[in-house]
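The values are calculated or read from the model by the stated rules, or taken from the named source; none is laboratory data. Keep in mind the model is a prediction, meaning the values are calculated, not measured. FYI the Cβ positions are ideal-geometry reconstructions off the backbone, even for glycines, and counts take in every protein chain you see.
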Amino acid sequence: MNSDSSALEAQVREQLDDVLDPCSTFTEKPQSIVDLGLVDGVSIDDGDVTVDLLPTNQLCTYIPHMSEDIERRVGTIPEVNAVTVETVADKVWTQDRMTDAAYEEREEHFRERIEANDLTPAYDGAEWSDDVTIETGTTDD
């Protein structure tokens, strides 16, 4: 890859880092598709950019929205002629694709939600448990 291609790929990846995962926007801490590991690859051929998108779920209804956002953002780069988003169907997304920072942020958000709702999680980060306790207020009869 020559320096022009490397510079263009860096610009593309910078734009991709601004694309938020739609599901994470429902939280106080939205995360980018890059941080979540949803960008499986970027290829550039003479100004034509292809972004391989690996959704967390192949039935994700937000794939068209993410694709539109990717096309719009990457398309603003002057050296880009066309943008294509390909959905990767032969791989399964797992949380180990996330950046360490994104994983930690997600876990912190999860713990905050658990504590705020007085819940005992069924998964402690190492193993699953059938012992789930939901703390509720009691009423005196």
Surrounded by 11 or more Cβ atoms within 10 Å (Cβ to Cβ) and farther than 24 Å from F26 by Cα: does that describe V88? yes
Would you mind listing the strands (runs of 3 or more DSSP E) fully within segment 1-98 where at least 2 residues are among the hydrophobic types (A, V, I, L, M, F, W, C) and out of contact with any Gly (no Cβ under 8 Å at 6 or more places or on another chain)? 39-45, 48-53
Which numbered condition trips up T27, out of (1) under 23 Å from E14 (Cα atoms); (2) modelled with pLDDT of 80 or more; (3) surrounded by 14 or more Cβ atoms within 10 Å (Cβ to Cβ)? (2)
Within segment 66-86, does at least one residue satisfy the condition of being at pLDDT below 90 and either among the aliphatic types (A, V, I, L, M) or within 29 Å of D4 (Cα to Cα) (or both)? no
Just a yes or no: is a residue in segment 40-49 under 16 Å from the mean Cα position of the chain (by Cα) and farther than 27 Å from L8 by Cβ? no
Out of I33, I63, sole residue that is aliphatic (A, V, I, L, M) and buried (at least 19 other Cβ atoms within 10 Å of the Cβ): I33
Is there any pair linking a residue in segment 96-115 that is within 13 Å of Q31 (Cβ to Cβ) to one that is assigned to a helix (DSSP H, G or I), with Cβ under 7 Å and at least six apart or on different chains, and which? Y103/Q95
Out of (1) at pLDDT below 95; (2) within 23 Å of D21 (Cα to Cα), what's the single condition that is false for S43? (1)
When segment 1-49 is examined, which residues are found to be under 18 Å from E104 (Cα atoms) and of a type in the set (K, R)? K29
Test each condition in (1) buried (at least 16 other Cβ atoms within 10 Å of the Cβ); (2) within 14 Å of the chain's Cα centre (by Cα) for V12 and report the one that comes out false. (2)
